[in-house]
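Let me begin by presenting the structure, written as structure tokens, before commenting on it.
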Amino acid sequence: MAALTIATGTGNWFSALALGVTLLKCLLIPTYHSTDFEVHRNWLAITHSLPISQWYYEATSEWTLDYPPFFAWFEYILSHVAKYFDQEMLNVHNLNYSSSRTLLFQRFSVIFMDVLFVYAVRECCKCIDGKKVGKELTEKPKFILSVLLLWNFGLLIVDHIHFQYNGFLFGLMLLSIARLFQKRHMEGAFLFAVLLHFKHIYLYVAPAYGVYLLRSYCFTANKPDGSIRWKSFSFVRVISLGLVVFLVSALSLGPFLALNQLPQVFSRLFPFKRGLCHAYWAPNFWALYNALDKVLSVIGLKLKFLDPNNIPKASMTSGLVQQFQHTVLPSVTPLATLICTLIAILPSIFCLWFKPQGPRGFLRCLTLCALSSFMFGWHVHEKAILLAILPMRIGKNKDV
Amino acid sequence: MEKWYLMTVVVLIGLTVRWTVSLNSYSGAGKPPMFGDYEAQRHWQEITFNLPVKQWAKFINPDWIALHTSRGYESQAHKLFMRTTVLIADLLIYIPAVVLYCCCLKEISTKKKIANALCILLYPGLILIDYGHFQYNSVSLGFALWGVLGISCDCDLLGSLAFCLAINYKQMELYHALPFFCFLLGKCFKKGLKGKGFVLLVKLACIVVASFVLCWLPFFTEREQTLQVLRRLFPVDRGLFEDKVANIWCSFNVFLKIKDILPRHIQLIMSFCSTFLSLLPACIKLILQPSSKGFKFTLVSCALSFFLFSFQVHEKSILLVSLPVCLVLSEIPFMSTWFLLVSTFSMLPLLLKDELLMPSVVTTMAFFIACVTSFSIFEKTSEEELQLKSFSISVRKYLPCFTFLSRIIQYLFLISVITMVLLTLMTVTLDPPQKLPDLFSVLVCFVSCLNFLFFLVYFNIIIMWDSKSGRNQKKIS
């Protein structure tokens with residue numbers, strides 16, 4: 001009987017939480033899924049049926065491959081399992097194919113990959129010291145953090161209903177953060193480099209990583225007052241970090257460099273033609289900017305300051321992904337958004353450099369970088385807010 | 001109570017599981033012309049909405065039904081409406097009853113009360129039938145539960161009223177009627193038939209008669225109409241059993257085709273006698289020694305006797321046994337969990353027909369994990385925990401070596417679970433041989449029936465051997 005208890009993994013509240021949320025994910029299989037489902041099916045088809053040289057050129061479907069190469073390889077590996085479920089989904093011309101077996105396979109692949117997320121949460125829990133609080137389970141920081149991360153409803157809705165693969169990617173990020181907390185900097189850097197080549201949206205938080213590793217890892221010691229001790233600069237560490245990043249990038253982009261396809265890959269990865277805002281606006285600064293522009297143009301029309309003929313036809317609220325010009329306020333270019341973002345992250349970066357507070361300071365800076373990029377970035381999706389929410393959870397719990 | 005927020009979380013989890021199960025297919029989805037229970041409920045809405053009361057029972061003419069163009073109506077919006085009605089009915093009647101019941105449990109900590117509520121709300125059988133297959137069992141079971149609550153807390157009149165409503169909602173609740181009757185009668189006797197007891201008896205009789213009259217008033221206009229209603233409610237013409245069900249007669253039929261051999265009236269008498277003989281001891285005990293604990297256990301054994309031996313039993317009737325077992329979850333967690341798992345398993349052929357395999361497996365696992373985590377059931381398998389102590393002491397007077405009862409029960413549990421898992425796997429993956437197309441359904445029913453017989457014996461033992469410790473211990477409500 002004791003063996004059965006252990007087998008069901010219920011001697012441990014963490015296992016119960018993980019198992020419980022996994023069962024909930026299974027129940028969500030028949031729910032609605034968005035076009036992202038077809039996106040990933042298409043990528044399975046592309047990576048399975050076509051040679052590498054075609055991956056970033058293929059455009060039969062409108063959902064072209066726009067994630068970095070590691071994700072393409074991930075889809076490639078998945079496609080070899082997919083063929084046992086339903087061979088038809090791997091045909092590039094089978095647009096919008098969603099048989100019940102395809103659905104089952106895709107949903108289960110997300111649920112399965114979340115194992116990495118569960119592991120990462122476990123590692124993060126280890127970094128929390130929960131000895132100060134009382135015995136009550138629901139008051140332990142580890143329990144609260146586990147619930148907030150494992151049962152995060154934003155992630156559940158985006159991954160298991162809308163359909164995406166954010167779970168294991170956030171797992172990689174949380175794992176790299178955990179490693180930094182555990183002073184295993186090289187592993188943390190390696191994991192982050194890998195993560196960047198899975199989904200480049202994590203560039204949002206790259207400045208935090210870069211500055212933190214440079215300041216707190218490459219400079220091995222501080223002066224007594226906490227400021228930088230230039231003489232403690234370690235070339236070995238810098239070189240080894242650089243080597244790690246370089247090797248990972250080489251592994252990822254190498255094949256495409258050899259094929260002279262780098263410009264094409266980058267144009268797919270950074271599609272600036274898609275416009276300032278996504279089809280449904282992310283609640284960021286530019287949404288307010290657009291709204292203000294709209295209000296001013298309506299007022300301007302009413303008060304006859306503007307000529308109706310000069311107003312461009314493209315509407316920002318039509319739900320389409322395209323470029324447009326603003327009518328009253330100056331139009332925004334990608335460079336402008338970059339500058340705004342950089343200005344926004346400058347204070348936290350300065351703090352990280354001049355007053356390092358170890359991993360906790362890094363975590364705060366990371367959250368702020370994510371939030372600033374969300375606020376001022378070019379073509380931000382609403383889902384990107386998860387990038388700010390999840391690290392914030394850990395930060396909150398450390399302060400409990 | 002403190003920690004109300006945890007109870008809220010439990011209720012929300014229950015609601016989430018129910019709603020996600022309702023995303024799946026329902027009984028008879030896309031299967032004309034018969035469709036299934038979903039269409040039945042829609043049809044009854046059609047009748048009651050469109051026709052005057054006089055004609056509700058008059059459905060002799062099948063052509064009439066065909067005239068209505070809404071027959072077999074299936075659409076996404078309609079499905080949403082139907083599912084929502086089930087959820088609302090559940091939320092208004094069943095779930096508050098469960099929460100209140102758990103809060104009123106005595107002698108256990110707040111955390112255990114909340115865990116108890118979680119386990120009851122996660123019971124897969126009711127969720128799958130109501131939200132998957134599609135029925136409104138939570139209404140009748142909810143009313144019955146209010147009845148149990150009322151009577152256990154000494155609000156006898158309100159409890160009886162609630163139970164009358166339950167019976168008038170679904171006549172299957174008659175399975176629970178005898179224990180209610182015996183317990184209340186016992187209470188009246190205890191208070192003394194010449195004084196307060198008699199007053200109570202009269203009051204109860206009035207309430208029961210009044211509620212029945214109120215519900216049936218529209219149908220009393222003609223004698224023929226009343227008879228028609230009764231004929232519809234108790235279809236004795238349909239035979240000893242229909243389809244495959246985990247009761248004695250169906251299992252017996254595997255070896256000896258009694259359905260075909262014996263004439264109809266003999267079958268009726270046989271079923272009647274065996275049912276009443278099997279439930280008589282517990283009921284008499286309840287009249288003589290009414291106690292809340294005895295009442296709950298008698299509900300279980302009575303309903304189980306009816307399920308196993310009665311006429312025209314359907315697989316879903318096991319829910320009527322599962323409800324009282326949920327109520328005793330806190331007293332004998334190990335056996336209750338085992339029973340509830342078997343009860344869900346016994347409905348497997350039905351659930352597979354409705355394409356509810358994934359929700360069945362997931363909810364069963366969730367329920368199992370919840371029970372194991374909340375009650376640590378595997379640590380509660382000693383004789384005392386299983387309430388078999390007085391029984392085994394009596395047996396040891398004749399057989400001194402009878403010390404391995406709990407060990408036997410643990411092994412039986414393992415065998416039972418392994419058999420259930422194997423049969424599930426076989427039913428899902430393999431095709432039955434051509435000569436025996438119903439092989440797996442019959443096997444499922446047979447295995448479940450054996451389990452249920454074991455539980456019948458077990459629950460009766462608890463009831464009968466409770467007398468010796470019952471008088472010495474203080475009354476546990």
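The values are calculated or read from the model by the stated rules, or taken from the named source; none is laboratory data. Bear in mind that the values here come from a model prediction, so they are computed numbers and not experimental data. Backbone-built Cβ (ideal geometry, glycine too); neighbour counts: all protein chains shown. These accessible areas exclude ligands, DNA and RNA; they are computed on the full protein's heavy atoms, side chains included. Shrake-Rupley method; radii C 1.70, N 1.55, O 1.52, S 1.80 Å.
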Filter the stretch A:133-153 for residues that are aliphatic (A, V, I, L, M) and within 13 Å of chain B (Cβ to nearest Cβ); the one that is surrounded by the most Cβ atoms within 10 Å (Cβ to Cβ) is A:Val147
Taking first residues from the stretch A:24-42 that are within 14 Å of chain B (Cβ to nearest Cβ) and second residues anywhere that are part of a helix (DSSP H, G or I) and of a type in the set (D, E, K, R), the pairs with Cβ under 6 Å that are 6 or more apart or on different chains are A:Ile29/A:Arg107
Scanning the stretch A:227-278 for residues that are open to solvent by less than 100 Å² (accessible area, probe 1.4 Å) and among the aromatic types (Phe, Trp, Tyr) gives A:Phe233, A:Phe256, A:Phe266, A:Phe270
**Asked** Looking at this structure, is A:Val298 open to solvent by 40 Å² or more (accessible area, probe 1.4 Å), of a type in the set (A, V, I, L, M) and either touching a Ser or Thr at 6+ places or on another chain (Cβ under 8 Å) or in contact (Cβ under 8 Å) with a residue 24 or more places away in the chain (or both)?
**Response** no
When restricted to B:Leu348, B:Leu386, B:Leu356, B:Leu399, the only residue crowded, with 19+ Cβ neighbours inside 10 Å and within 23 Å of B:Met464 (Cβ to Cβ) is B:Leu386
*Yes/no for B:Phe35 being at pLDDT below 75, farther than 30 Å from B:Cys102 by Cα and open to solvent by 30 Å² or more (accessible area, probe 1.4 Å)*: yes
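For the stretch A:84-98, check the following and say yes or no: at least one residue is more than 11 Å from chain B (Cβ to nearest Cβ) and within 23 Å of the chain's Cα centre (by Cα).
The answer is no; no qualifying residue exists.
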Heads up, the helices (runs of 4 or more DSSP H) in the stretch A:50-129 (entirely inside) with at least 3 residues that are open to solvent by 60 Å² or more (accessible area, probe 1.4 Å) and closer than 24 Å to A:Val194 by Cβ are A:69-82, A:100-126
B:Val428 passes all but one of the listed conditions (1) open to solvent by 30 Å² or more (accessible area, probe 1.4 Å); (2) assigned to a helix (DSSP H, G or I); (3) free of Cβ contacts under 8 Å to residues at least 60 places away in the same chain; the exception is number (3)
Scanning the stretch B:203-243 residue by residue, the ones that are hydroxyl-bearing (Ser, Thr, Tyr) and modelled with pLDDT under 80 total 2
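Just checking, which of B:Ala366, B:Ala370 is open to solvent by less than 20 Å² (accessible area, probe 1.4 Å), within 14 Å of chain A (Cβ to nearest Cβ), touching a residue at least 24 places away in the same chain (Cβ under 8 Å) and part of a helix (DSSP H, G or I)?
Exactly one residue qualifies, and that residue is B:Ala370.
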Exception for B:Ser360 within (1) within 14 Å of chain A (Cβ to nearest Cβ); (2) closer than 30 Å to B:Cys104 by Cα falls at (2)
